[in-house]
Every structure is written in structure tokens, then in C-alpha cells.
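For reference, the structure discussed in these notes is given below.
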Amino acid sequence: MTPERRPLVAANWKMNKTNAEAGEFLDEFVPAADELGEVDVVVCPPYTALETVVERARGSRVRVGAQNMHEEDAGAFTGEVSVPMLLELGVEAVILGHSERRQHFAESDAALARKVPRALAAGLVPILCVGETEDEREAEETERKLRQQVQADLAAVDVGQLADVVIAYEPIWAIGTGKTATPDQAQAAIGFVRALVGDRDAGAAQAVRILYGGSVDPSNAAELLGLPDIDGALVGGASLHADRFLAIAAAAGT
Ligand code: PEP
């Protein structure tokens, strides 16, 4: 972490928490989150709880993100949600390209190349997820995979907006498995992602925030978040518990 890059922690609740459960979480989380140091905090509930979370987070440091969006504003796209719909609710960020969407819902780099600039144009902070499978890591293809995803997904982003993207490096083998990347693995991969941004623009590479995601919990957060290129965390399982997510946010805060 360099002083110019403000740390960020984001909660990815995936398909968890009803409206009522989301409200209970926020009632516990918001007052404590306001006591944290310098750290941006984003909570990404399912679509159905977005409005509740925005309402309960109003006036606090907690920002709200969606877990996906469609790049068109409206149309015949059954089951999809558009940028104007998110903006109307007060949503400020959006996770894009999570590995579960890539794996189970055929999210493609071509679609992400449209979604990332669309989010930026609307003032939503895109949290773009990239990462390799276990087989790819074992075959020493991690860098190839990261290069392919970062280059393709950011291809249509103007250089002037590159630093407004948040990138989350999430090794797929570490998501929800309890297996965390070692500090060396995480630092190497994230340093590589930063260098890829640097291939487009050196200033953007220094400014862009890159998170680590994959079984982050209160016991490993301080070590991972203390690494020089890691600017925060995207947190799944541990973010479902207010006390655990607060402990991670506290480890990220300066
Ligand atoms: C995620 O879903 O982005 C994630 C990192 O999950 P977990 O923290 O549960 O591994």
C-alpha cells in the first residue's frame, strides 16, 4: 500500500441475506464502521437488498455495490439489471467478472470489455475480478490468464479512467475454499497485474487500487493487506458476519 492509494474493502455477499437479514447486518455494522481509520468500505448485497442497504448506510462511510449489471440501459434482457436502475437506488459500485459469474453464467471478456467502460461512464466504481484456476496455476499459466483478462476487460477503458477501476485479484482455487494464496503468491500476482496496467500508463499503475480476494478472514487479513501492492480485500464468506468483516476492514485501515 502506498499512501496515495486509499485502502478499500468490499463485501461480496453473493446469493446470501434476505432484506431483513441485510438490515440487521447494517444495524450492527454501520456504527462500528464509522469508527474505522482510513479505509473505503463497500457492501455488495444481492439486488433484492440493495435498497435496504443504501437506506441503512445513508450518511455513513459505507458505500453500496451491486454484484453485476448489464451494459445496456434497457431492453429485452430477461433477468438482467441496468446501470440506471442501480443509480436510481443510490448504488455507487459494481462487482464485474466475478469468477462465479464467469464459470456459471458464461460471463465473457467480450461482455466485460463493454461493462467496465459503461460503469465508469455512469460514475459507478467497477470492481473487476480476475484470477486463475488451480490447473492454470499448476501449469504455470497464471500470468497468461491474468494478462488475457486484464488486457481484454480494460481494452475499451480510456487511459484517463484506468485508475478509477478497482481490480480484484482472486485466485479461483482460493475462493470459498479456506485456502489462501501465500503472501508471496498474492504479491507476485498483484504486482504483475499492476505492471499490466503500467503497460497502458505508468501513472495509472501507481494509482489503481488492486485488491486480493480468496478466503480472507480476520486471521490472515493483516499479513495480506500489509503487502506493498495489495490495497484491500474483496471478501466473501467472512463478510457475512459484521464482526469478521469489521476486523478485516480494521486491518486494511491506516
Ligand atoms: C469472493 O467471493 O469474491 C470471495 C473472495 O469469497 P471468499 O472470501 O469466501 O473466498
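The values are calculated or read from the model by the stated rules, or taken from the named source; none is laboratory data. Nothing here was measured: the structure is a model prediction, and the numbers come from that model. Cβ coordinates were reconstructed from backbone atoms using ideal geometry, including for glycine residues, and neighbour counts include every protein chain displayed. For the accessible areas, the whole protein counts, side chains as well, though only heavy atoms, and no ligand, DNA or RNA atoms are used. Shrake-Rupley method; radii C 1.70, N 1.55, O 1.52, S 1.80 Å.
Given 0.36 nm per residue, what is the gain on full extension from T18 to E80 after removing their alpha carbon distance, in nm? Spell out each step's value before the answer.
Numbers: separation 62, 0.36 × 62 = 22.32 nm, distance 1.90 nm.
Length difference between fully extended and current span is 20.4 nm.
For the chain, what is the mean residue ellipticity at 222 nm derived from helices alone (per DSSP H run of n ≥ 4: -39500 (n - 2.57); sum divided by total residues; nearest 500 deg cm²/dmol)? Walk me through the numbers on the way to the answer.
Values: 11 runs with 107 residues, N = 254.
About -12000 deg cm²/dmol.
Take the solvent-accessible surface of the protein heavy atoms, probe 1.4 Å, and return the percent of it on the chain that carbon and sulfur atoms account for.
Numbers: 5420 of 10770 Å².
Carbon plus sulfur share of accessible area: 50 percent.
So what's the range 204-254 giving for Rg/Rh, alpha carbon basis, Kirkwood Rh from the mean inverse pair distance?
Details: Rg = 10.8 Å, Rh = 11.0 Å.
Rg divided by Rh gives 0.98.
Mind checking which aspartates and glutamates have their C-alpha under 15 Å from K17, skipping anything on the same chain fewer than 8 residues away?
D27, E28, E51
Normalising by the residue count of the chain, find the relative contact order in percent from Cα pairs under 8 Å and 6+ residues apart.
Details: 529 pairs, mean separation 57.4, N = 254.
Here the relative contact order equals 23 percent.
Of the options G178, T133, M69, report the single residue whose Cα projects farthest towards the positive end of the charge dipole of the chain (beta-carbon charges: Lys, Arg +1; Asp, Glu -1).
The residue sitting most towards the positive pole is M69.
Which chymotrypsin sites (Phe, Trp or Tyr not before Pro) in the range 43-133 pass both tests, a DSSP loop state and at most 12 other beta-carbon atoms within 10 Å?
On the way: sites: Y47, F77, F105; in loops: F77, F105.
Hits after loop and neighbour filter: F77, F105.
Suppose every Lys and Arg Cβ carries +1 and every Asp and Glu Cβ carries -1, with no other charges. What dipole size does the range 1-79 come out with about its Cα centre, to the nearest 20 debye?
Details: 8 positive and 14 negative charges, 29 e Å.
Result for the range 1-79 is approximately 140 debye, rounded to the nearest 20.
Only sites in a loop by DSSP and with at most 13 other Cβ atoms within 10 Å count here; which GluC sites (Glu not before Pro) in the range 14-69 make the cut?
E35, E38
Could you grab the relative contact order for the range 1-115? Cα pairs under 8 Å, six or more apart, rounded to a whole percent.
On the way: 171 pairs, mean separation 25.6, N = 115.
Reported as a whole number, the value is 22 percent.
Which one, L89, F29, S215, projects farthest toward the positive side of the charge dipole computed for the chain from Cβ point charges (K/R +1, D/E -1)?
L89
Among the trypsin sites (Lys or Arg not before Pro) within the range 39-102, which fall in a DSSP loop and have no more than 16 other Cβ atoms within 10 Å of their own Cβ? Don't skip to the end; give the middle numbers.
On the way: sites: R56, R58, R61, R63, R101, R102; in loops: R58, R61.
For trypsin sites (Lys or Arg not before Pro) across the range 39-102 that sit outside H, G, I, E and B with at most 16 neighbouring Cβ atoms in 10 Å, the list reads R58, R61.
Calculate, for the chain, the solvent-accessible area per residue in square angstrom, rolling a 1.4 angstrom probe over the heavy atoms of the protein chains. Walk me through the numbers on the way to the answer.
Details: 10770 Å² over 254 residues.
Normalised by residue count, the accessible surface of the chain is 42 Å².
Treating only the Cβ of Lys, Arg, Asp and Glu as charged (+1, +1, -1, -1), what charge dipole size does the range 100-254 show about its Cα centre? Round to the nearest 20 debye. Write out the running numbers ahead of the final one.
On the way: 14 positive and 23 negative charges, 100 e Å.
It comes to approximately 480 debye.
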